[in-house]
Amino acid sequence: SKQRIVPLGKSLKMAITNYLTRVRRNIEGSDKSKALLLNKRGKRLTRQSIWTAIHQIATQNQIADLTPHTLRHAFATHLLEGGADVRVVQELLGHSSVNTTQIYTHVTVERLREVFAETHPRARN
């Protein structure tokens, strides 16, 4: 139930504009909702409807254990592995404490150890 700020790239901005001008205006009751994404009945998407959509896509593509949480975890991990500051990731995830975000850093440390072991000349001895 937290409000979050989400950075948008050019392609996502174009997709949202397309959705608003071509799709959303054709959804009955959409003019009554302040939510950006709506279901077929013009109501805001729920946590469960998003879980169901991800589950369907995962099933169709034979991907095991794909959930909104695993996508969120992958997002945070990739940002940290790419050098993002933990405070920035904290803000993007909407965590009130940096300690919550630091859970994701252990994966990055493990990955650093793997890369070191695989690539450093003295680590192979």
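The values are calculated or read from the model by the stated rules, or taken from the named source; none is laboratory data. This is a predicted model, so every value here is computed, not measured. We place every Cβ from the backbone using ideal geometry, glycine too, and count neighbours over all the protein chains shown. We work out accessible area using only protein heavy atoms, side chains counted, and drop any ligands, DNA or RNA first. Shrake-Rupley method; radii C 1.70, N 1.55, O 1.52, S 1.80 Å.
Modelled spin-label separation between THR67 and ARG122, with each label point placed 7 Å from Cα along the Cα-to-Cβ direction: 4.3 nm.
Excluding ligands, DNA and RNA, the accessible surface per residue across the range 1-55 is 92 Å² with a 1.4 Å probe. Toward the positive end of the charge dipole of the range 1-122, with +1 on the Cβ of Lys and Arg and -1 on the Cβ of Asp and Glu, the farthest Cα among ILE50, ILE16, SER97 is that of ILE16.
If you take every residue apart from LEU112 with its C-beta less than 12 Å away from the C-beta of LEU112, what net charge results, scoring Lys and Arg +1 and Asp and Glu -1? Let's see the in-between values first.
On the way: positive: ARG111, ARG113; negative: GLU81, GLU110, GLU114, GLU118.
For residues surrounding LEU112, the net value is -2.
Our summary gives the range 16-69 a relative contact order of 20 percent, counting only alpha carbon pairs under 8 angstrom and 6 or more residues apart.
For the range 23-44, backbone nitrogen atoms closer than 15 Å to the point 7 Å from LEU12 Cα along Cα-to-C-beta are found at 36-37.
Tally Lys and Arg at +1 and Asp and Glu at -1 over the other residues with C-beta under 12 Å from the C-beta of TYR19: what net charge comes out?
Details: positive: LYS13, ARG22, ARG24, ARG25; negative: none.
Result for the neighbourhood of TYR19: +4.
At a Förster distance of 41 Å, what's the computed FRET efficiency of ASP31 paired with ALA84, Cβ-Cβ distance as r, to 0.05?
Working: r = 38 Å, r/R0 = 0.93.
According to the calculation, E is roughly 0.60.
The fraction of accessible area contributed by carbon and sulfur in the range 2-99 is 56 percent, rounded to a whole number (1.4 Å probe; ligands and nucleic acids excluded).
When a/c reaches 1.5 or more, the comparison of a/b and b/c decides; with that in mind, is the chain rounded, prolate or oblate per its Cα gyration tensor? Could you put the intermediate results ahead of the total?
Details: a/c = 2.51, a/b = 2.07, b/c = 1.21.
It comes out prolate by the Cα gyration axes.
When the square roots of the Cα gyration tensor eigenvalues are ordered a ≥ b ≥ c, the ratio a/c for the range 50-103 is 1.5 or more and a/b exceeds b/c, which makes its shape prolate.
Accessible surface calculations at 1.4 Å, restricted to protein heavy atoms, place the range 63-103 at 61 Å² per residue.
For the chain, the relative contact order comes to 17 percent (Cα pairs under 8 Å, sequence separation of at least 6).
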